[in-house]
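One structure is given below, encoded as structure tokens.
The values are calculated or read from the model by the stated rules, or taken from the named source; none is laboratory data. Computed from a predicted model, the values in this text were never measured in an experiment. Methodologically, a virtual Cβ is constructed for each residue, glycine included, from the backbone with ideal geometry; neighbour enumeration extends over all protein chains shown. To get the accessible areas, we keep the full protein, side chains included, count just its heavy atoms, and leave off ligands, DNA and RNA. Shrake-Rupley method; radii C 1.70, N 1.55, O 1.52, S 1.80 Å.
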Amino acid sequence: MTASSPLLRRGATGLALAAALALGACANAPLASAPAGSPAVAAAPQGAESAPAIEVPPSAIGRWYDLGAYDAPWLAGVGPAPASGASVPTRVAGLQRADGQWLALVLVQRVAGGGSSCAAPGRLDVKDAAGCLRMRRDADFDHWLQQQNPVLERWIDARGWAARPRAWISDRATGSGDAVEAVALVNPALLEPVTRNNYDFLVSGGTGQAWARQFAHATQAAAAGGALRVPPFPFSAPLAAPAPAAAPAVVTAPPAATAVQVNPPAPPPARAPRADRQ
């Protein structure tokens, strides 16, 4: 028994990635390959395997999939890219609900010798976190992700992995000669409780930030030579949206009966005057 289920490493170079992420806590839990039709089924490009492996927690709300290894562009969107073009070794894993919606997408990249300096501090930085942790609770509000990191959004959209709403978490490990960056796009329902008023909303971000700090520690461990171990999410995502309620039956009034004109009774005929009164 293990706390999380590792992504199996691929055997020979050039073979397709058939490994997948375990669903349960046991080592012999079922594994899932990339969904049918996913472009991730193709063989990994040269060098893609040097990205850290990904380990995922058990899940009862969906299924984790190994979405493959790639040579991709630098997808962090923060600071100068340590490599040019689609040359960065990248691994991707995704959590998919039974109805096909992606609940979480996690990717990790490594550029050997790329350095580990953080970008200039900004308002999205998470305090008291390892590495260069940044977070936005609603990455799609005002088209933020599209404007701030169009490379990441286009790369995800092109593979059919986009799902909204989503929070964005990104961390770059420090203290290493390599550039190791991990990015997570997560349905906010996995990170925050249901809010019913303004106060609830203001304090609900604390659990998401706590998860992000665990994610940053996982990124540091991956940079040190381990796997990226995705922390368990604090909440369960809502089930598929219920089918819309059937419209109430429209009761039609019965058709009006045919109108029949009723005439008043005819007055009695006038009596002839009496002869003695003429």
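Go through (1) farther than 27 Å from Ala34 by Cα; (2) open to solvent by 10 Å² or more (accessible area, probe 1.4 Å) for Asp157 and report which single condition fails.
With respect to (1) farther than 27 Å from Ala34 by Cα; (2) open to solvent by 10 Å² or more (accessible area, probe 1.4 Å), Asp157 is out only on (1).
What is the residue count in segment 141-154 for residues that are touching a helix residue (DSSP H, G or I) at 6+ places or on another chain (Cβ under 8 Å) and surrounded by fewer than 19 Cβ atoms within 10 Å (Cβ to Cβ)?
Restricting attention to segment 141-154, the residues satisfying the condition of being touching a helix residue (DSSP H, G or I) at 6+ places or on another chain (Cβ under 8 Å) are 145-146, 152-153.
Among the residues that remain, those that are also surrounded by fewer than 19 Cβ atoms within 10 Å (Cβ to Cβ) are: 146.
Total meeting the criteria: 1.
Among the residues of segment 18-35, is there at least one that is open to solvent by less than 40 Å² (accessible area, probe 1.4 Å), at pLDDT 85 or above, within 27 Å of Gln146 (Cβ to Cβ) and hydrophobic (A, V, I, L, M, F, W, C)?
no
Please go through segment 117-135 and give me each residue that is touching a strand residue (DSSP E or B) at 6+ places or on another chain (Cβ under 6 Å) and either at pLDDT below 80 or exposed (fewer than 15 other Cβ atoms within 10 Å of the Cβ) (or both), ordered by number.
Step one: of segment 117-135, the residues touching a strand residue (DSSP E or B) at 6+ places or on another chain (Cβ under 6 Å) are 124-126, 131-135.
Within segment 117-135, just Asp125 meets the criteria.
Anything in segment 164-175 that is surrounded by fewer than 20 Cβ atoms within 10 Å (Cβ to Cβ) and either closer than 19 Å to Val56 by Cα or not β-branched (Val, Ile, Thr) (or both)? List them, or say none. Step through it out loud before you land on a result.
Here is the first cut: in segment 164-175, the ones surrounded by fewer than 20 Cβ atoms within 10 Å (Cβ to Cβ) are 164-165, 174-175.
Residues satisfying the conditions are Arg164, Pro165, Gly175.
Looking at Arg196, Arg91, which one is among the charged types (D, E, K, R) and either at pLDDT 90 or above or at positive phi (or both)?
Of Arg196, Arg91, the one residue that is among the charged types (D, E, K, R) and either at pLDDT 90 or above or at positive phi (or both) is Arg91.
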